[in-house]
1. Part of a helix (DSSP H, G or I), touching a residue at least 60 places away in the same chain (Cβ under 8 Å), surrounded by fewer than 21 Cβ atoms within 10 Å (Cβ to Cβ) and of a type in the set (A, V, I, L, M): does that describe Ala221?
2. Out of (1) hydrophobic (A, V, I, L, M, F, W, C); (2) part of a helix (DSSP H, G or I); (3) without any contact (Cβ under 8 Å) to a residue 12 or more places away in the chain, what's the single condition that is false for Trp303?
3. If I filter region 21-42 down to residues being aliphatic (A, V, I, L, M) and in a helix (DSSP H, G or I), which single residue comes out as modelled with the lowest pLDDT?
4. Restricting the search to region 55-68, which residues are surrounded by 22 or more Cβ atoms within 10 Å (Cβ to Cβ) and under 18 Å from Leu232 (Cβ atoms)?
5. Would you mind stating whether Ser326 is on the phi < 0 side of the Ramachandran plot, at pLDDT 90 or above and assigned to a helix (DSSP H, G or I)?
6. Of Ala109, Ala18, Ala92, which residue is surrounded by 19 or more Cβ atoms within 10 Å (Cβ to Cβ), modelled with pLDDT of 90 or more and assigned to a helix (DSSP H, G or I)?
Amino acid sequence: MISVMTEGNKRWIRAMTAMFGGIVGTGIFGIPYAFAQSGFLIGFIEILIVGVLLILMQMLYAEITIQTPGHRRLGGLAEKYLGKRWKWIATALMFGTVWGAMTAYIIIAGQFLWLLLGPIFGGEPIIYSIVFFIIESIFLWFGLKFIARAETAIVLLLLFLFGIIIIAGVPQIDTGHLMSMNWGNVLLPYGVILFAMAGLGITPEMHEILGEKYERKMFSAVLITMIVILTLYIAFAVVVMGVSGNMITDDALSGLGVALGPTIAVLGSLLGSITLISVFMVAGIEVKNTLLYDYKMKNALAWALTIGVPGVLFFLGLREFIAVISFTGAVFGSATAVVIIMIYYKMLKKLGKARKLFKVPIWILAVITFVFVAGALAEIVFSIFG
């Protein structure tokens with residue numbers, strides 16, 4: 001029997017695994033609560049729309065990485081196609097996204113650890129958040145990258161967790177919990193979904209995995225992986241909302257534990273805590289290495305800035321998980337998407353007649369840009385006056 005697992009197929013599967021691991025994380029825990037605040041139907045429509053937009057964004061970014069030799073990170077691409085100042089803008093967006101995510105991780109880590117250890121040691125979630133922050137800061141100082149490299153195992157643990165929750169929850173779904181609608185919170189799911197699904201930084205990594213020989217497999221890898229993630233998120237939202245009802249919480253697991261029993265809450269909190277240890281390190285190393293190697297900072301200063309910004313934000317009182325991920329996704333995620341569209345447009349003008357490209361009509365790019373800009377502005381206005 002001839003094996004169908006060719007080198008191209010192996011790389012294709014690895015690329016999809018990398019994309020799945022680079023996107024699926026703590027953002028998923030906020031989706032059911034965001035859906036509950038707006039109503040399931042509104043959230044469902046929004047996740048389909050945002051999902052389609054993000055699939056298209058990944059396709060655009062994939063084409064950019066394919067057509068651009070050498071450095072393929074967003075900052076370098078922005079500098080190449082848009083000018084030097086855009087490298088700084090793209091870098092600032094990256095920092096804003098990662099620091100926002102790290103702040104969210106500190107918040108929800110406190111909730112998970114409190115669910116797990118509170119019955120034994122007592123205390124409040126804020127204490128556990130501070131302990132998590134201190135431990136992760138120490139790890140980051142010593143550069144314990146082995147923790148971050150456990151990403152594949154973390155993804156498998158998360159899938160195990162979601163599988164248990166979905167299987168245990170489906171028989172107890174009350175469809176009445178999915179029928180409410182609140183137009184006053186119509187924009188709330190947008191930023192949360194963007195935060196949970198964007199993962200635009202993973203696209204260059206996928207290109208490196210596939211290599212130039214198999215780079216055209218990126219498009220099918222993006223499409224399949226994003227559909228799987230979209231399906232998982234919707235299924236998770238249905239189960240958590242359908243089971244928890246009015247007991248739903250912003251971390252999903254607290255309310256679900258009340259409905260399905262303490263075993264689910266403890267298991268979910270354990271796996272969630274392990275996940276956060278890894279993803280915080282991944283995010284921190286990304287920022288720290290950028291400061292070390294791109295901006296030539298000393299290790300102490302790079303470390304202090306990496307952990308200092310999310311730490312200060314948390315200690316100044318930024319402790320609402322949904323608010324943080326909604327703002328981070330809607331503002332920084334949308335702005336990053338707009339920069340990618342601008343890079344793609346410039347590349348299209350430069351190379352469109354000379355090469356065969358994945359082409360998107362200009363009017364569609366304009367519509368997508370409007371959606372992202374409007375979403376970001378609406379989030380800013382809501383954050384200030386809402």
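1. no
2. For Trp303, the exception is condition (3).
3. Filtering region 21-42 for residues aliphatic (A, V, I, L, M) gives 23-24, 28, 31, 34, 36, 41-42.
If we keep only those that are in a helix (DSSP H, G or I) too, we end up with 23, 28, 31, 34, 36, 41-42.
On the way: Ile23: 84, Ile28: 88, Ile31: 94, Ala34: 93, Ala36: 92, Leu41: 94, Ile42: 95.
Only one residue tops the list, namely Ile23.
4. Gln58 - this is the single residue of region 55-68 that is surrounded by 22 or more Cβ atoms within 10 Å (Cβ to Cβ) and under 18 Å from Leu232 (Cβ atoms).
5. Details: on the phi < 0 side of the Ramachandran plot: yes; at pLDDT 90 or above: yes; assigned to a helix (DSSP H, G or I): yes.
When the stated conditions are applied, Ser326 passes them.
6. Details: Ala18 fails: modelled with pLDDT of 90 or more; Ala92 fails: surrounded by 19 or more Cβ atoms within 10 Å (Cβ to Cβ).
Among Ala109, Ala18, Ala92, only Ala109 is surrounded by 19 or more Cβ atoms within 10 Å (Cβ to Cβ), modelled with pLDDT of 90 or more and assigned to a helix (DSSP H, G or I).
Rundown of residues vs (1) surrounded by fewer than 16 Cβ atoms within 10 Å (Cβ to Cβ); (2) more than 18 Å from the chain's Cα centre (by Cα); (3) without any contact (Cβ under 8 Å) to a residue 12 or more places away in the chain; (4) over 30 Å from Leu292 (Cβ atoms), yes/no style:
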site: Phe133; (1), (2), (3), (4): no, yes, no, no
site: Glu136; (1), (2), (3), (4): no, yes, no, no
site: Phe142; (1), (2), (3), (4): yes, yes, yes, no
site: Asn185; (1), (2), (3), (4): no, yes, no, yes
site: Tyr190; (1), (2), (3), (4): no, no, no, yes
site: Met206; (1), (2), (3), (4): no, no, no, no
site: Arg216; (1), (2), (3), (4): yes, yes, no, yes
site: Val228; (1), (2), (3), (4): yes, no, no, yes
site: Thr231; (1), (2), (3), (4): yes, no, yes, yes
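Condition check ((1) hydrophobic (A, V, I, L, M, F, W, C); (2) in contact with a Gly (Cβ under 6 Å, 6 or more places away or on another chain); (3) closer than 22 Å to Ile31 by Cβ) across all residues:
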{"position": "Leu188", "(1), (2), (3)": "yes, no, yes"}
{"position": "Ile193", "(1), (2), (3)": "yes, no, yes"}
{"position": "Lys213", "(1), (2), (3)": "no, no, no"}
{"position": "Val240", "(1), (2), (3)": "yes, no, yes"}
{"position": "Ser244", "(1), (2), (3)": "no, yes, yes"}
{"position": "Pro262", "(1), (2), (3)": "no, no, no"}
{"position": "Leu267", "(1), (2), (3)": "yes, no, yes"}
{"position": "Ser278", "(1), (2), (3)": "no, no, yes"}
{"position": "Ile285", "(1), (2), (3)": "yes, no, no"}
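The values are calculated or read from the model by the stated rules, or taken from the named source; none is laboratory data. Because the structure is a prediction, the values reported are computed rather than measured. Here the Cβ is made from the backbone with ideal geometry for all residues, glycine too, and neighbour counts use every protein chain on show.
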